[in-house]
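Reading through the structure tokens given below for one structure.
We did not get these values from a lab; they are worked out from the coordinates using the rules stated. Please read these numbers as outputs of a predicted model, since none were measured by experiment. With ideal geometry, Cβ positions are generated from the backbone for all residues, glycine too; neighbour counts draw on all protein chains shown.
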Amino acid sequence: MTDAPAAPWHILGAGAMGTLFAHRLEAAGVPVILVGREASSRRMHTLRAAAGDSERTFTAEGPASRGPVHRLLVTVKAPAVVSAVTALAHRLAPDAVVVLLANGRGYREALAPCLGARPLYRAVTSEGAYRESEAVTVHAGVGRTRIGNPDGEPAPPRWFAAGPGRLPRVAWDAAIEQALWEKLAVNCVINGITALHGCRNGALLTEPDARRDCDALCLETVAALRALGWPQLAAALPRTVADVLRATAGNRSSMLADRLAGRETEIDYINGFLVARCAAQGGRLPRHAALLERVRALQPPIAGRDADGSHSA
Ligand code: KPL
């Protein structure tokens, strides 16, 4: 067994979520190493929060770094997950723990060659953060984080208690599979439409055109959840979406932010995943399929894409 309490957490993707969790882990006494694209260094970073600024200096590793990785938190954006983890795979220790905090689904299959028999733990968070600059992250909204094993693991493992389990508002979730479907469904309804209409989340409640699109997409998502065996999530979805829209009314969705920054969006891992899952059972989701095509058409050509793949919402 690894010396779990001493094993540092490598954080792959030093964007808003990555740096937020880096600060929180270090504040709880858990050592952190940021993994990025630049050469190894020490990097000072500020977390701006309602309680005041906190400054920390992190060890940052570049692509040439070696040495085993025992604990890995992946916070890159969906389109970068597979390439980023694959690039680090040769450093994963046999007992490495890999936790993925990203929107969307469908990564387990793609990562199977580098993970082998290791589970892919997933995290779902409602923390809100954005990068103000390279050196400053703003903790804009306090939320909850759940971590669990989609393949089923009822009790929190030892690595959890020694690491993220030390943080306030972070809990082990034995039903993380359900949490992932709920988050996917919410992102399926909100993210693509806000990117297309160029509106903040609250407009899906107040602007007639956006609201009509949102309601119709929500109905199709309810049917999809039922068909996929999640009747309770399906029944609750309209209320869940309305609650999220009210709570985040002034926010730009992560997909709108990606679109405005000219980055590749996560649409293939969100609506694309749902369309493919339903198609595998012979079901059709015409509204999701149309949205998928329209958002894909907005995306910049591959060569022009910003390679910053950090997860920020
Ligand atoms: O998770 C989100 C995102 O933007 O990715 C929501 C819940 C839609 C909040 O903006």
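Among the listed residues Thr46, Thr86, which satisfies the condition of being surrounded by fewer than 21 Cβ atoms within 10 Å (Cβ to Cβ), assigned to a strand (DSSP E or B) and of a type in the set (Val, Ile, Thr)? Going through Thr46, Thr86 in turn, the sole match is Thr46. Would you confirm whether any residue within the range 41-59 is farther than 23 Å from Glu132 by Cβ, more than 17 Å from the chain's Cα centre (by Cα) and of a type outside the set (Val, Ile, Thr)? Looking through the range 41-59, none of the residues is farther than 23 Å from Glu132 by Cβ, more than 17 Å from the chain's Cα centre (by Cα) and of a type outside the set (Val, Ile, Thr).
The condition of being more than 20 Å from Glu182 (Cβ to Cβ) and touching a helix residue (DSSP H, G or I) at 6+ places or on another chain (Cβ under 7 Å) holds for only one of Glu220, Glu264, Glu207, that being Glu264.
Scanning the range 6-43 for residues that are touching a Leu at 6+ places or on another chain (Cβ under 9 Å), in a loop (DSSP other than H, G, I, E, B), of a type in the set (A, V, I, L, M) and under 22 Å from Leu92 (Cα atoms) gives Ala14, Val30.
The set of residues in the range 223-272 that are over 20 Å from Val295 (Cα atoms), more than 15 Å from the ligand (Cβ to nearest atom) and outside any helix (DSSP H, G or I) comprises Leu228, Gly229, Trp230.
Could you check, for the range 181-201, whether at least one of its residues is within 13 Å of the ligand (Cβ to nearest atom), polar (S, T, N, Q) and in contact with a Lys or Arg (Cβ under 9 Å, 6 or more places away or on another chain)? Within the range 181-201 (the criterion being within 13 Å of the ligand (Cβ to nearest atom), polar (S, T, N, Q) and in contact with a Lys or Arg (Cβ under 9 Å, 6 or more places away or on another chain)), the answer is yes, since at least one residue qualifies. Sub-6 Å Cβ pairs linking a first residue in the range 171-193 that is closer than 19 Å to Asp258 by Cα to a second residue that is more than 10 Å from the ligand (Cβ to nearest atom) and of a type in the set (Lys, Arg), at least 6 apart or interchain, are Leu184/Arg105, ordered by first then second residue.
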